[in-house]
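Quick note: the coordinates plus some simple rules give every number you see, no bench work behind them. Owing to the predicted nature of the structure, the values given are computational and were not obtained by experimental measurement. Quick reminder, even Gly has a Cβ in these numbers, built from the backbone with ideal geometry, and neighbours come from all protein chains shown.
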Amino acid sequence: MKDFEFYNPVKILFGKDQLEKIGDLVPAEKKILLLYGGGSIKKNGVYEGIINALKDRDIVEFKGIEPNPTYETCMNAVDLIKKEKVEYLLAAGGGSVIDATKFIAAAVSYEEGDPWEILSKGKEIKASIPFADILTLPATGTEMNKNAVISRKSTNEKLAFSSPYSFPQFSVLLPEAAGTLPKEQVANGVVDAFVHVIEQYLTYPVNAPLQDRFAESILKTLIEEGPKTYKNPKDYESMSNLMWSATMALNGIIKAGVPEDWSVHDIGHELTAFHNIDHARTLAIVLPGIWHVLKEEKKDKLVQYGERVWNITEGTDDERAEKAIDRTVEFFESLGVKTKFSDYGIPAETIDKIVDRFKKRGLIFGIGDRKLVKPGVIRQALEDRL
Ligand code: NZQ
Ligand code: ZN
C-alpha cells in the first residue's frame, strides 16, 4: 500500500426528512446566495423546501447555471456576490450547480488576478466563501469532495481544480427529489460513478485488498441498483442506493493508498469541450479505448475485475480481460449509453484536435498511473472508438 493522508470534513444529511434541518446549519446572521440551474428544483419541491427552511433569512438568488457550468456564468455570480455583499452560498441541484458554486466561492476571494488561472495555471486558492449544497442528482460525488470542473465558452476548454477550501460545509442528499430525473440522467449518473471507481481501482496491484474490495462493492452495487433506478427513477430504495454509491465513489475513501489513473476523464473532458457531449457519455466512449490499448499494462487488474465483479472465471488471462471489457460496454449500452464516436456523430478529425491539445499542454510525457497515456496512446484509444 502507498502512503496516504485522508481528510474529509463534509457533513452528510441523507434521506427524506433532511431539508428542514438546513435552518440550523446555515449561520443565522449571514446573507445567503441560493444558486441553481434551469429550474428543476422548482418542479420537485426542493426550492419550496429551502425557502421554508430558511424563512426570515436574507436570501438572494442566482439561477441559470448550465450543465457543464461555464466560467462566464460563474463570473456573473461573482459580480452579484460582490454587489450584494453575500456571505454564504447554497447550491441546489446536480454536479454542475455545485461545481460552479465551488468555483464562484473561490473566485470571489481570489485577488491575484483573473480567477480563470485557478483552472488554467493551477493557481492555489487561499480562501473561499463558506458554502453548502442540496444534491438532487446522483453522479459526480462533488457533494463530498473538493473538486470542481468548469468550462470556458470563449475557448472551448473544460478544466478541473481541487482545493481543501472547496469542501462543502454540509451536503443534503435527496433521493426523493432525484425521482424527477429523466432516465438519461440516471444512466449518466450510474456510468459516471462507475468510471470514478474504475479510475481509482483499475490500475495495477499494490496489495491493498480493503480498497479493492470497497471499490468492487461499489461497482457491484451500481450494476445491481443502476438498472432498477434507470427503469424507474421514482423507486426510492434503488435511487437511495445509487445516490450513496455515487457519493462513496469519489469522496476519497477508495483512493487512499492506491494509484489513480484519471486519463479517461481528462480525455473525456475534451469531447465535452469540443462537442458538448454529456460528461458520463464521454467516459463511456473513452474507457473501452484506453483498456484496449493498455490491456497488457492493466491486465492483472482487468482479470481481477472480471472475476470479482462479472464472475468471469474461465479462459486465458487475455480472454478474461477482453471479456471484462465487453461486459462493461454491454452494461453501459444496456442503460442506453452509447460507446462509439459514430453514435454521437463525432467526426474523426476531433482526434487530431484532442491529441494536439494534450501536446500543447505539455502532456507529452504522459498522464495516468504510470504516465502511460501519451499522445500516441490517446490517438490509438480514440481511433478504437470510431
Ligand atoms: O439545471 P436544472 O434545471 O437543475 O436541470 C439539471 C440539468 O439539466 C437536471 N437535474 C438535476 N437534478 C434534477 C434534474 N432534472 C430533474 N430532476 C432532478 N432531480 O439534470 C441536468 C444535468 O445536471 P448536471 O448538474 O449537469 O449533471 P451532473 O450532476 O452529472 O454534473 C455534471 C458536471 O459535473 C462534472 C462534469 O464534468 C459536469 O460538468 N463533474 C464533477 C466532478 C467533481 N466535482 O468531482 C467529477 C465528475 O467526474 C465530473 O467531471
Ligand atoms: Zn466523472
_5 angstrom amide H check on Thr70, placed H, neighbours 5+ away_ = Ser151
*Report, please, the projected area of region 181-383 averaged over directions, based on the convex hull of its C-alpha atoms, in nm².*
10.9 nm²
*Mind listing the long-range amide H neighbours of Ile65? Cut-off is under 5 Å, sequence gap 5 or more, other chains count too, H placed in the peptide plane at 1.01 Å from N.*
Tyr36, Gly37
*So what are the ³J(HN,Hα) numbers for region 220-231, from phi and the Karplus equation (6.51, -1.76, 1.60; θ = phi - 60°), rounded to whole Hz, Gly and Pro as x?*
5, 5, 5, 5, 7, 8, x, x, 5, 5, 4, 5
*asked:* At R0 = 51 Å, how high is the FRET efficiency between Glu87 and Leu386 if r is their beta carbon distance? Nearest 0.05 is fine.
replied: 0.50
*What does the charge dipole of the chain about its Cα centre add up to, to the nearest 20 debye, if the Cβ of each Lys and Arg holds +1 and the Cβ of each Asp and Glu holds -1?*
500 debye
_Theoretical gain in end-to-end length, His292 to Ser120 [0.36 nm per residue, Cα-Cα removed]_ = 58.9 nm
*asked:* If neighbour count is taken as other Cβ atoms inside 10 Å, put Ile325, Ile254 in order from fewest to most.
replied: Ile325, Ile254
*Going toward the positive end of the dipole of region 181-383, with +1 on Lys and Arg Cβ and -1 on Asp and Glu Cβ, which of Phe194, Pro227, Ile312 do you reach last?*
Phe194
*Neighbouring Cβ atoms within 10 Å as the yardstick, rank Thr313, Thr203, Thr350, Thr247 fewest first.*
Thr313, Thr350, Thr203, Thr247
*Build a GNM of the chain with springs between Cα atoms under 10 Å: which of Gly93, Gly289, Gly362 gets the top mean-square fluctuation?*
Gly362
_Centroid-to-centroid separation of region 225-266 and region 118-164 [C-alpha atoms, Å]_ = 19 Å
*Max mean-square fluctuation residue, GNM over the chain, Cα-Cα springs under 10 Å, options Asp278, Asp212, Asp326*: Asp326
*asked:* Using Stokes-Einstein with the Kirkwood hydrodynamic radius over Cα pairs, what translational diffusion coefficient do you get for the chain at 10 °C and a viscosity of 1.306 mPa s, in µm²/s rounded to a whole number?
replied: 75 µm²/s
*How large is Rg/Rh for region 138-219, to two decimals, with Cα atoms and a Kirkwood Rh?*
1.02
*asked:* Rg over Rh of region 11-177, using C-alpha atoms and the Kirkwood radius, what does it come to?
replied: 0.94
*asked:* Using a 7 Å offset from the Cα along the Cα-to-Cβ direction at both Lys183 and Glu20, what is the distance between the two label points in nm, to one decimal?
replied: 3.6 nm
*Inter-label distance for Ile51 and Arg370, nm, one decimal - labels placed 7 Å from Cα along Cα-to-Cβ*: 5.8 nm
_What whole-number distance in Å separates the alpha-carbon centres of region 277-331 and region 337-358?_
20 Å
*For region 11-177, with only Lys/Arg (+1) and Asp/Glu (-1) charged at the beta-carbon, what is the dipole magnitude about the Cα centre, in debye rounded to 20?*
120 debye
*Which of Tyr47, Tyr7 comes first, and how do the rest follow, when ranked by fewest Cβ neighbours within 10 Å?*
Tyr7, Tyr47
*Which distance in Å, rounded to a whole number, links the C-alpha centroids of region 182-215 and region 1-52?*
25 Å
*Taking 0.36 nm per intervening residue step and subtracting the Cα-Cα distance, what contour gain separates Glu260 from Asn76 on full extension?*
62.8 nm
*Tell me, what ³J(HN,Hα) does each residue in region 108-117 have, in order and in whole Hz, if you take phi through Karplus 6.51 cos²θ - 1.76 cosθ + 1.60 with θ = phi - 60° and put x for Gly and Pro?*
4, 8, 8, 10, 7, x, 6, x, 4, 4
*Among Ile285, Leu335, Gly362, flag the residue with its Cα farthest along the positive direction of the charge dipole of region 181-383, charges on Cβ as +1 for Lys/Arg and -1 for Asp/Glu.*
Gly362
*With a point put 7 Å past each Cα toward its Cβ, work out how far Phe6 is from Ala348 in nm, to one decimal.*
4.8 nm
